[in-house]
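S.K.: Quick one: the structure is below, and I'll ask about it shortly.
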There are 2 protein chains.
Amino acid sequence: MNRAEAERLDQQDAIGWLRDRFVIDDPGLIYLDGNSLGRLPRATVAAVEEAMCAGWGNRLVRAWHDWIDVGQRVGDRLGDALLGAAPGQVAISDSTSVNLYKLAAAALDARPGRRVILSSSDNFPTDRYVLEGLAAARGLELRLLHPGSGGMIGAESVKAALGLDVALVSLSHVSYLSSAIADVPAITRAARIAGALAVWDLCHSAGAVPIELDAWGVDLAVGCTYKYLNAGPGAPAFLYVRRNLQTRLRQPIWGWWGQREQFAMGPAYDPARSIARYLAGTPPVLSLLPIQAGVDVLAEAGIDSLRSKAIALTELIVRLWEAWLEPLGFVLASPRDPTRRGAHVSLAHPDAYRVSQALIKEARVIPDFRPPNVVRLGPAPAYTRFVDIWDAMDRLRNLMKTRAYERVDPEPGRVT
Amino acid sequence: MNRAEAERLDQQDAIGWLRDRFVIDDPGLIYLDGNSLGRLPRATVAAVEEAMCAGWGNRLVRAWHDWIDVGQRVGDRLGDALLGAAPGQVAISDSTSVNLYKLAAAALDARPGRRVILSSSDNFPTDRYVLEGLAAARGLELRLLHPGSGGMIGAESVKAALGLDVALVSLSHVSYLSSAIADVPAITRAARIAGALAVWDLCHSAGAVPIELDAWGVDLAVGCTYKYLNAGPGAPAFLYVRRNLQTRLRQPIWGWWGQREQFAMGPAYDPARSIARYLAGTPPVLSLLPIQAGVDVLAEAGIDSLRSKAIALTELIVRLWEAWLEPLGFVLASPRDPTRRGAHVSLAHPDAYRVSQALIKEARVIPDFRPPNVVRLGPAPAYTRFVDIWDAMDRLRNLMKTRAYERVDPEPGRVT
């Protein structure tokens with residue numbers, strides 16, 4: 001395979017035009033970390049400036065009339081465009097960590113007497129820590145399943161671990177580490193049959209992989225908006241609560257944004273009979289509004305086109321790994337089957353930290369490093385080109401051949 | 001008193017120049033709701049655009065190297081400039097509601113066996129609701145003190161309510177409803193003597209009233225940044241934990257931003273030995289950065305100058321109320337003594353909702369309405385002029401004389 005083949009793939013790319021929706025002012029840089037922080041959509045620049053100047057600056061407190069339900073409005077838009085959720089079930093609120101805390105606590109309250117929380121050892125750190133905290137506070141056990149080959153947590157292994165003692169199953173749809181896709185409908189169904197509730201983390205799948213929360217029978221889900229949804233650094237997260245559960249659960253943080261008549265400022269907490277009961281405090285408007293623009297950009301292409309391209313991009317990574325990098329000691333740490341893999345590919349290597357740093361500093365390629373030994377390559381179907389993949393893999397093999405990565409300080413520093 | 005006297009006060013105003021630091025593009029509008037949403041500082045426009053375009057857009061994930069500790073850096077700046085807190089004790093994080101939940105839960109865990117949470121019936125709604133939720137989850141009692149004349153919660157009444165059953169005292173420094181200032185050092189000391197912890201809500205005092213958290217012996221505090229700190233709609237909140245308590249308490253939401261080695265992504269939660277342990281998830285950068293600009297603007301003037309002007313502004317309101325509005329049925333619902341009052345003045349009137357709406361719609365004055373019967377006038381010493389007060393009060397008396405407010409729909413709608 002040569003570079004011309006990658007160029008042909010770009011020419012044939014049905015959503016190649018989507019790249020122009022983003023600010024890309026350093027075209028020599030190959031960005032393969034959109035699964036950590038997505039790029040800035042052009043429309044966001046104007047939207048933030050308008051909210052700041054025409055909204056906050058000019059209309060002052062009156063601008064809140066437009067923003068008061070913004071978390072629910074943007075949640076509905078996200079639910080419709082990318083999550084397969086009918087209106088009134090998705091809201092933007094807080095961070096993923098806080099949302100997981102709220103929903104997991106609500107689920108545990110609804111399953112008294114059961115003493116196990118089931119998760120996985122490769123679940124994202126904040127998920128494991130939040131669950132560990134809930135388990136510690138309630139005297140429960142956090143039981144971690146270990147992924148099998150290709151990083152998969154199979155539905156069968158979850159079923160085998162489910163019993164009458166399990167209150168909650170909390171897993172990621174797409175593993176941040178391996179990119180493996182969990183079988184959400186099967187695991188959710190199994191949890192329900194066993195009398196447990198499942199809460200899904202969609203951080204690494206929302207905007208990259210088709211999601212059908214309603215059709216899959218999902219009860220609870222959370223996810224972030226700053227990866228494939230391109231909503232900006234630390235943009236607030238989303239949560240999903242199936243409609244028929246909304247009034248049967250109660251989240252623990254009884255803030256005024258969850259109050260039924262918020263501005264009556266009445267004496268007692270009376271939670272909203274809607275998804276609003278899962279809100280807590282005042283939402284950060286300037287960070288929240290970009291979610292709308294981020295979702296709109298992806299909706300222009302549609303999730304099926306994005307998914308097709310993501311598969312083609314990761315297949316190209318896998319083909320080039322096999323040809324160039326497997327012989328150099330890289331191990332594929334993601335499922336080989338593209339239908340079982342999200343939009344990123346993980347390559348394990350003993351020197352992964354130094355290799356990642358050398359890619360950034362010497363090859364103008366931005367991957368990310370995930371401890372202990374993973375170089376994570378995260379193309380984003382909305383703006384990554386096939387030639388970007390070809391060039392990045394080519395630069396990576398050259399770094400290995402010249403051993404340029406050995407000049408990097410082996411002490412892992414802070415990498416986001 | 002005539003308008004010329006107000007003009008003279010403006011000419012003599014030592015910090016009148018500060019108004020130019022803000023975007024004010026509708027000078028005919030009199031804004032007396034800076035205690036709900038403060039104005040947009042000019043410097044913020046450039047700071048947000050830089051973070052969005054040069055940071056997020058251009059540097060992409062690498063920009064996180066500048067932002068990774070932004071919540072602590074901006075917290076230190078806020079603590080130094082306006083809260084009387086030495087470095088390492090203030091962090092920006094989440095919303096006030098979530099921060100109160102975290103600190104109150106941590107305090108309750110540290111006082112096992114005690115079954116009462118003490119607050120006040122005029123504490124801000126979200127505070128009461130959050131405490132009610134914690135009490136419900138733990139089988140505790142939320143006991144509410146009722147304010148006395150002028151809306152005061154006196155230290156003596158708190159002392160009388162303190163006993164060996166009280167785990168936590170949670171009050172506001174400045175009452176959102178009455179503007180009354182609580183005696184933070186005396187109440188904190190009394191709580192400590194009784195073996196309880198006190199957590200203070202500084203939402204309505206930060207940036208308006210001198211605060212000396214370290215010198216006052218405060219243990220725990222939270223507050224918002226979008227009122228007098230002018231950080232923008234829903235900008236994230238702050239929290240303060242006295243240094244010697246930081247490792248003795250543990251907050252309930254064990255998110256990865258509270259983890260000691262966050263990016264090691266290790267198997268178990270190991271909380272930071274610093275204020276960082278009170279963080280949870282990824283902070284919303286575009287909403288957080290404006291806090292720095294908002295604090296910097298106030299620091300230019302200094303809190304003592306701001307406080308002097310706030311007293312002069314509220315004294316002018318009280319004088320004009322006495323001359324013009326008391327005869328028309330308005331009752332002063334704030335302390336008469338300016339040293340016991342924050343930067344806003346509350347006037348009670350049976351038609352307060354309609355009066356507030358008429359001020360907005362017919363007189364181009366923005367106050368806010370607080371149920372059941374309060375028109376809240378919130379000048380901000382950073383940008384409100386004495387003539388603004390004179391004009392607003394003049395327009396208010398004219399509205400009353402012409403009974404223009406009677407044309408407003410009496411059904412209270414959403415008012416923020």
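S.K.: So if I check each of A:Leu239, A:Leu249, A:Leu245, A:Leu229, which one is out of contact with any strand residue (DSSP E or B) (no Cβ under 8 Å at 6 or more places or on another chain) and more than 12 Å from every other protein chain (Cβ to nearest Cβ)?
M.R.: Criteria check complete, one pass: A:Leu229.
S.K.: Moving on to the next point. Does B:Leu313 count as within 14 Å of chain A (Cβ to nearest Cβ), surrounded by 22 or more Cβ atoms within 10 Å (Cβ to Cβ) and either hydroxyl-bearing (Ser, Thr, Tyr) or touching a helix residue (DSSP H, G or I) at 6+ places or on another chain (Cβ under 9 Å) (or both)?
M.R.: Here the answer is no, as B:Leu313 does not meet what is asked.
S.K.: For the subset of region B:248-264 comprising residues that are among the aliphatic types (A, V, I, L, M) and surrounded by 20 or more Cβ atoms within 10 Å (Cβ to Cβ), which member is nearest to A:Ala136 (Cα to Cα)?
M.R.: B:Ile253
S.K.: Could you tell me whether region B:37-49 includes any residue that is under 30 Å from A:Leu289 (Cβ atoms), of a type in the set (Gly, Ala, Ser), touching a Gly at 6+ places or on another chain (Cβ under 9 Å) and outside any helix (DSSP H, G or I)?
M.R.: Yes, because at least one residue in region B:37-49 is under 30 Å from A:Leu289 (Cβ atoms), of a type in the set (Gly, Ala, Ser), touching a Gly at 6+ places or on another chain (Cβ under 9 Å) and outside any helix (DSSP H, G or I).
S.K.: Which count do you get for residues in region A:86-102 that are in a loop (DSSP other than H, G, I, E, B) and either more than 8 Å from every other protein chain (Cβ to nearest Cβ) or more than 8 Å from A:Ala237 (Cβ to Cβ) (or both)?
M.R.: Here the count works out to 5.
S.K.: Scan region A:102-128 for residues that are over 15 Å from A:Val199 (Cα atoms) and within 21 Å of the chain's Cα centre (by Cα) and jot them down.
M.R.: A:Ser121, A:Asp122, A:Pro125
S.K.: Which one is nearest to A:Ala110 (Cα to Cα), of the residues in region B:108-136 that are part of a helix (DSSP H, G or I) and in contact with an Asp or Glu (Cβ under 8 Å, 6 or more places away or on another chain)?
M.R.: Checking each candidate, the answer is B:Ala135.
S.K.: Hey, another quick one. Which of (1) surrounded by 24 or more Cβ atoms within 10 Å (Cβ to Cβ); (2) closer than 19 Å to B:Ala343 by Cα is the odd one out, the single condition B:Thr44 does not satisfy?
M.R.: (2)
S.K.: Run down B:Ala46, B:Ala54, B:Ala14, B:Ala63 and say which single residue is more than 24 Å from B:Tyr176 (Cβ to Cβ) and within 9 Å of chain A (Cβ to nearest Cβ).
M.R.: Details: B:Ala46 fails: within 9 Å of chain A (Cβ to nearest Cβ); B:Ala54 fails: within 9 Å of chain A (Cβ to nearest Cβ); B:Ala14 fails: within 9 Å of chain A (Cβ to nearest Cβ).
Every option except B:Ala63 fails the conditions.
S.K.: Related question: Here are some residues: A:Ala352, A:Ala380. Which one is surrounded by 24 or more Cβ atoms within 10 Å (Cβ to Cβ) and without any contact (Cβ under 8 Å) to a residue 40 or more places away in the chain?
M.R.: Sole residue among the options that is surrounded by 24 or more Cβ atoms within 10 Å (Cβ to Cβ) and without any contact (Cβ under 8 Å) to a residue 40 or more places away in the chain: A:Ala352.
Here's the yes/no breakdown for (1) small (Gly, Ala, Ser); (2) closer than 30 Å to A:Gly38 by Cα; (3) outside the structural domain of B:Arg242 (by TED's automatic domain parsing):
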| site | (1), (2), (3) |
| --- | --- |
| B:Leu40 | no, yes, yes |
| B:Asn58 | no, yes, no |
| B:Trp64 | no, yes, no |
| B:Ala86 | yes, no, no |
| B:Ala91 | yes, yes, no |
| B:Ser97 | yes, yes, no |
| B:Leu103 | no, no, no |
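S.K.: Any idea which of A:Ala135, A:Ala110, A:Ala91 is in contact with a strand residue (DSSP E or B) (Cβ under 7 Å, 6 or more places away or on another chain) and free of Cβ contacts under 8 Å to residues at least 60 places away in the same chain?
M.R.: Only one candidate passes the filter, namely A:Ala135.
S.K.: Sticking with this structure for a sec: Within region A:324-337, identify whether any single residue is touching a residue at least 40 places away in the same chain (Cβ under 8 Å), in contact with a Pro (Cβ under 7 Å, 6 or more places away or on another chain) and aromatic (Phe, Trp, Tyr), and answer yes or no.
M.R.: No, that holds for no residue.
S.K.: Quick check on my filter: what residues within region B:76-85 are over 12 Å from B:Arg243 (Cβ atoms) and assigned to a helix (DSSP H, G or I)?
M.R.: The answer is B:Asp76, B:Arg77, B:Leu78, B:Asp80, B:Ala81, B:Leu82, B:Leu83.
S.K.: Going through B:Leu78, B:Leu82, B:Leu9, B:Leu37 one at a time, which residue ends up being more than 26 Å from the chain's Cα centre (by Cα) and surrounded by 16 or more Cβ atoms within 10 Å (Cβ to Cβ)?
M.R.: B:Leu9
S.K.: Also: I'd like to verify a number: residues in region B:254-266 that are more than 7 Å from every other protein chain (Cβ to nearest Cβ), within 20 Å of A:Ala135 (Cβ to Cβ) and not small (Gly, Ala, Ser), how many?
M.R.: Count: 2.
Per-residue answers, yes or no, for (1) in contact with a Cys (Cβ under 8 Å, 6 or more places away or on another chain); (2) more than 30 Å from A:Leu108 (Cβ to Cβ); (3) touching a residue at least 60 places away in the same chain (Cβ under 8 Å):
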| position | (1), (2), (3) |
| --- | --- |
| A:Asn230 | no, yes, yes |
| A:Ile275 | no, no, yes |
| A:Pro283 | no, no, yes |
| A:Ser287 | no, no, no |
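S.K.: Name the single residue that is farthest from B:Arg340 (Cα to Cα) among those in region B:167-196 being over 15 Å from the mean Cα position of the chain (by Cα) and part of a strand (DSSP E or B).
M.R.: B:Ala167
The values are calculated or read from the model by the stated rules, or taken from the named source; none is laboratory data. Note that the structure is a prediction, hence the values are computed from the model and not measured. We place every Cβ from the backbone using ideal geometry, glycine too, and count neighbours over all the protein chains shown.
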